[in-house]
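Working notes, structure below.
The values are calculated or read from the model by the stated rules, or taken from the named source; none is laboratory data. From a predicted model like this one, the values you see are computed outputs, not experimental measurements. Here the Cβ positions follow ideal geometry from the backbone for every residue, glycine too, while neighbour counts run over all protein chains shown.
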Amino acid sequence: MITAVFTAEREHASMSTHTAFTMTIGGRAVHGRTTFAVVDPATLRTAGEAPDCTPEQLDEAVTAARRAQPAWAALSETDRQRHLVAIADVVDAHVDELARLVVGEQGKPLALAVGEVGGLAHWLRETATLGLPVTVNQDDAERRSVTTHVPLGVVAAITPWNYPLGQLGFKLGPALLAGNAVVLKPSTFTPLSALRLGELLRDVLPPGVLNVVSGGDDLGPRVTAHPGFDKISFTGSTETGRAVAASAAATLAHVTLELGGNDPAIVLPDVDVDAVAEQLFWAAFANSGQICVATKRLYVHTDVYDRLVAALTKIAADVRVGNGLDEGVQLGPVSHGRQHARIVDLLDDARAHGYEFLTGDVGETDGYFVRPTIIGDPPDDARIVREEQFGPVLPVLRFSDVDDVVDRANAGEYGLGASVWTGDPDAAVALARRLRAGTVWINEVMHLSPHVPFGGMKQSGLGVESGVAGLLEFTERQTVTVRR
Ligand code: NAD
């Protein structure tokens, strides 16, 4: 077992010179009556204070959005596309500031945060190239019938903490392009970067088109129960997704749910171990494993198991874990105390059952650090195999029969992503089609595109994001028929 040595003394400038974060409601800065501290997971110091949105302020945000939406929808699609590009320009002009806020509240290495912010700008720009289809159902002497896609109205966008800004790309661009107004509620753990983005966009969008509110654990349920929303676009855990769906049943708001995953990767015996080891390591451990489509169960054919495990444990041992602002750090801490406690609990369970720790374990520091931890061939009913860990812990399981591994990969409630690793990628397509996952990658993983629909099967979600299909989820169909 390798236990990390971390430097306890670290001098960092505060995350940002910007400390008084405000909500954006109706294009104005709105302070909370109270604030709550957002904790930097690397230092356990306060990264910033966020306003706690009152019920009256939430009402104001919904009212502002409802008031702004008709004029926004009345703009031409080209005008709204231009606004998306203008938002992307603002994001690009503030990459460093926004990325440092993400590091401070979420913990990832700065380079990854810079990529996340750039990814948001990229997603907005590419979404701006999409358009809503028009279908002519009938056009003859008797009748002309045309179906268009109209905006739903006001969208609640609720996001998780793993990509506080990156997640916005999936929601903001398509919601706005389709002609909706938005109330954005970022995660309680990571609201600062989204609040700052709201501030930066006050002069870019008409007042009320984008509102940003922040709050504690009670704010999400208040948002989903609010009768003023026509749509709830939610990304988070499957457990919370069920609560969101139940809440939306009362108002019949439309829902898109992007939920948890327990993605399997299957490594076939014809694979080039040296070529894939590094990719497989980062498939599981990038962003400290806190990616919905990170590899969370690695099934390796027995012929290559020992070689691959040796390569992975070597990479794990050399990885630099630390404060995301430190030069050369490759993995930051787990993002917050609740998630850290969950990872510690899973590791305790694995230890209590006598599973083999090939590398890793919890670091002894002030921050929420966990070394990349690889657990050798635990049984299929182990918690670390059945549950979504969403942290830097990977079970590596042995298999010898492909049919059997398909069943094992398909077990459980999740069906978000999966991957197959092989020397014969074309032949693997048939195997990929047998996996119950919304996206199956062959010889790569986690590749997403603004032009490709992404969503989960089974209890990993309802509906999709991105691409035209994702855009359409922010609309409803309207048919107008002219009798001639
Ligand atoms: P979470 O479900 O705890 O929280 C997600 C969001 O919902 C946060 O903004 C939170 O404040 C809010 N929320 C919490 N309880 C709520 C309630 N009862 N009603 C309404 N809103 C509520 O999830 P998380 O811990 O922030 O994120 C991690 C989870 O998200 C993992 O399961 C991960 O797989 C999943 N995820 C999925 C995708 C995807 O695209 N499928 C992407 C990223 C993360």
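Checking the condition among the hydrophobic types (A, V, I, L, M, F, W, C), in contact (Cβ under 8 Å) with a residue 24 or more places away in the chain and closer than 30 Å to Glu444 by Cα, which residue from Val276, Val223 passes?
On the way: Val223 fails: closer than 30 Å to Glu444 by Cα.
Result of the check over Val276, Val223: Val276.
For Leu394, only one of the following conditions fails: (1) within 15 Å of Asn262 (Cα to Cα); (2) touching a helix residue (DSSP H, G or I) at 6+ places or on another chain (Cβ under 8 Å); (3) not in a strand (DSSP E or B). What is its number?
Of everything listed in (1) within 15 Å of Asn262 (Cα to Cα); (2) touching a helix residue (DSSP H, G or I) at 6+ places or on another chain (Cβ under 8 Å); (3) not in a strand (DSSP E or B), Leu394 misses just condition (3).
On the basis of being among the acidic types (Asp, Glu) and in contact with a helix residue (DSSP H, G or I) (Cβ under 9 Å, 6 or more places away or on another chain), does Asp404 make the cut?
Taking the combined requirement at face value, the residue does not satisfy it.
Out of Asp407, Asp361, I need the residue that is at positive phi and in the same structural domain as Asn287 (by TED's automatic domain parsing). Which one?
On the way: Asp407 fails: at positive phi.
On inspection, the qualifying residue turns out to be Asp361.
I want to confirm something. Restricting to the range 220-262 and keeping residues that are within 20 Å of Ala469 (Cα to Cα), more than 6 Å from the ligand (Cβ to nearest atom) and charged (D, E, K, R), which single residue is surrounded by the fewest Cβ atoms within 10 Å (Cβ to Cβ)?
Asp230
Tell me, which strands (runs of 3 or more DSSP E) lie completely within the range 403-484 with 1 or more residues that are within 12 Å of the ligand (Cβ to nearest atom) and surrounded by 22 or more Cβ atoms within 10 Å (Cβ to Cβ)?
Filter on the range 403-484 gives 417-421, 439-442.
Tell me which residues, restricted to the range 316-349, are touching a strand residue (DSSP E or B) at 6+ places or on another chain (Cβ under 8 Å) and among the aliphatic types (A, V, I, L, M).
Ala316, Ala317, Val319, Val321, Val329, Leu331, Val334, Ile343, Val344, Leu346, Leu347 - these are the residues of the range 316-349 that are touching a strand residue (DSSP E or B) at 6+ places or on another chain (Cβ under 8 Å) and among the aliphatic types (A, V, I, L, M).
For the range 18-51, which residues satisfy the criterion of being outside any strand (DSSP E or B) and closer than 15 Å to Gly324 by Cβ?
Those that are outside any strand (DSSP E or B) and closer than 15 Å to Gly324 by Cβ: Asp40, Pro41, Ala42, Thr43, Leu44, Arg45.
List the number of the failed condition for Val329; all other conditions in (1) closer than 24 Å to Gln106 by Cβ; (2) touching a Ser or Thr at 6+ places or on another chain (Cβ under 8 Å) hold.
(2)
Looking at (1) closer than 30 Å to Gly241 by Cα; (2) buried (at least 22 other Cβ atoms within 10 Å of the Cβ), which is the one condition that is false for Val300?
Condition (1) is where Val300 drops out.
Here are the criteria: (1) outside any helix (DSSP H, G or I); (2) more than 21 Å from the chain's Cα centre (by Cα). Tell me which single one Glu199 does not satisfy.
Going through (1) outside any helix (DSSP H, G or I); (2) more than 21 Å from the chain's Cα centre (by Cα) one by one, Glu199 breaks only (1).
Can you tell me which residues in the range 55-102 are farther than 23 Å from Gly153 by Cβ and either without any contact (Cβ under 8 Å) to a residue 60 or more places away in the chain or among the β-branched types (Val, Ile, Thr) (or both)?
Within the range 55-102, Val85, Ala88, Asp89, Val90, Val91, Asp92, Ala93, Val95, Asp96, Ala99, Val102 meet the criteria.
Show the residue pairs that are 6+ apart or on different chains and have beta-carbon atoms under 8 Å apart, the first residue being within the range 400-426 and within 19 Å of Pro379 (Cβ to Cβ), the second being in a helix (DSSP H, G or I) and not charged (D, E, K, R).
From the range 400-426, the pairs are Ser400/Thr302; Val406/Leu431; Glu413/Thr238; Tyr414/Thr238.
(1) buried (at least 22 other Cβ atoms within 10 Å of the Cβ); (2) under 20 Å from Gln459 (Cα atoms); (3) within 9 Å of the ligand (Cβ to nearest atom): which one isn't true of Ala265, the others all being true?
(3)
Any residue in the range 233-254 that's of a type in the set (Phe, Trp, Tyr): show its pairings with residues that are surrounded by 13 or more Cβ atoms within 10 Å (Cβ to Cβ) at Cβ separation under 6 Å, as long as the two are six or more apart or on different chains.
Correct list of pairs: Phe234/Ile158; Phe234/Val244; Phe234/Leu257.
Is there any pair linking a residue in the range 450-466 that is within 18 Å of Ala243 (Cα to Cα) to one that is polar (S, T, N, Q) and more than 7 Å from the ligand (Cβ to nearest atom), with Cβ under 7 Å and at least six apart or on different chains, and which?
From residues that are within 18 Å of Ala243 (Cα to Cα), the pairs are Leu462/Thr256; Gly463/Thr256.
Cβ contacts < 8 Å: first residue in the same structural domain as Phe390 (by TED's automatic domain parsing), restricted to the range 342-357; second residue surrounded by 13 or more Cβ atoms within 10 Å (Cβ to Cβ) and at pLDDT below 95, any location; separation 6+ or different chain. Result?
The qualifying pairs are Ile343/Val362; Val344/Val362; Leu347/Asp361; Leu347/Val362.
Here are some residues: Ala141, Ala113, Ala128. Which one is buried (at least 20 other Cβ atoms within 10 Å of the Cβ), assigned by TED's automatic domain parsing to the domain that holds Gln478, more than 16 Å from the chain's Cα centre (by Cα) and among the aliphatic types (A, V, I, L, M)? Before the answer, list the steps.
Values: Ala141 fails: buried (at least 20 other Cβ atoms within 10 Å of the Cβ); Ala113 fails: more than 16 Å from the chain's Cα centre (by Cα).
It is Ala128.
What number of residues within the range 284-297 are crowded, with 24+ Cβ neighbours inside 10 Å and under 23 Å from Asp404 (Cα atoms)?
Selection size over the range 284-297: 5.
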